[in-house]
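The values are calculated or read from the model by the stated rules, or taken from the named source; none is laboratory data. Predicted model, so just to flag it, every value in this text is computed and none were measured. So basically every Cβ, Gly included, is an ideal-geometry build from the backbone, and we count neighbours across all protein chains shown. Surface accessibility is based on the protein's heavy atoms, side chains included, excluding ligands, DNA and RNA. Shrake-Rupley method; radii C 1.70, N 1.55, O 1.52, S 1.80 Å.
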Amino acid sequence: MPRSLGRALAGRRYLAVSLAWLSLGILAPPALALPLISEVFYDAVGSDDGHSFVELYGVPGAPLTGFVLEGVNGAGGGVGPSVSLSGAIGAEGFFVVADDLGDGTTLVAAADQLANFDFQNGPDSIVLRFDGAVVDAVGYGAFAPDAVFAGEGSPAEDAPAGASLARRFADLDTDDNAADFAVQAVPTPGVGPVSIPEPATALLLAVGLAGLGRAGRRRARSARQGGRLASRPPRSEP
């Protein structure tokens with residue numbers, strides 16, 4: 001195949017895929033600074049011991065050494081608990097920090113790191129820091145004018161007992177907790193929706209849209225040819 005023809009075909013394939021992503025409004029990357037706090041569960045039915053967790057979403061394999069999770073009390077701004085992270089983001093993009101029962105075990109499924117903590121009910125905040133700098137934060141509950149809100153934008157709703165607070169999309173951060181987080185009746189540590197589809201899904205969509213485009217062009221070409229034939233005057237017999 002001539003090199004120029006190969007470049008032209010590759011350009012057409014790239015254009016088809018780009019149009020497919022544009023049709024979903026997802027070609028541009030979401031506003032984010034990974035890792036993100038993607039789900040928090042701080043109020044179990046009954047005792048919180050061994051049930052609480054904080055889930056992060058990030059780049060698979062990214063190390064978490066140097067990151068710290070901190071609770072910020074809405075009444076006065078006291079900091080605690082503080083959890084230094086270790087390990088790396090899992091293959092699916094999630095990392096779950098779970099409360100330790102005190103014996104090296106937890107009741108949280110898919111836990112990646114155990115620590116002894118108990119983040120409080122709202123109004124409170126949970127902050128993710130790296131080397132002292134804030135990377136992400138979520139504040140939840142109804143904050144009085146004199147309360148300390150350490151989240152982003154407006155606070156998220158305070159989840160009732162047994163429910164968690166989860167990002168609508170684990171990888172999407174608009175810097176507004178009220179918009180980004182929603183109460184989730186059933187906590188889901190280690191899993192969650194993301195705003196960018198799997199590559200296979202995007203490819204299938206691109207192929208489908210490209211096929212529709214080719215079919216439309218064929219129909220338009222046939223219609224033009226039919227119109228030209230219909231407009232020709234009948235040929236006179238000698």
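Write down the Å³ per residue value for the convex hull defined by the alpha carbon atoms of segment 64-182.
114 Å³
Determine the principal axes of the Cα atoms in segment 94-156, then give the extent along each, sorted from largest to smallest and rounded to whole angstroms.
Taking the Cα atoms of segment 94-156, the three principal extents are 41, 25, 18 Å.
So how long is each side of segment 57-119 along the principal axes, counting just the alpha-carbon atoms, biggest first, in Å?
Cα extents, longest axis first: 39, 26, 15 Å.
Rank R129, R168 by accessible area, highest first, at a 1.4 Å probe radius?
Values: R129 70, R168 125 Å².
Solvent-accessible surface, decreasing: R168, R129.
Rounded to the nearest 20 debye, what is the charge dipole size of segment 78-129 about its Cα centre when +1 sits on each Lys and Arg Cβ and -1 on each Asp and Glu Cβ?
200 debye
For segment 120-187, what percent of Cα pairs sit more than 17 Å apart?
Counting every Cα pair in segment 120-187, those more than 17 Å apart make up 40 percent.
Within 10 Å, count the other beta carbons around each residue, average over each peptide in 182-188, 156-162, and list them highest first.
The most tightly packed comes first, giving 156-162, 182-188.
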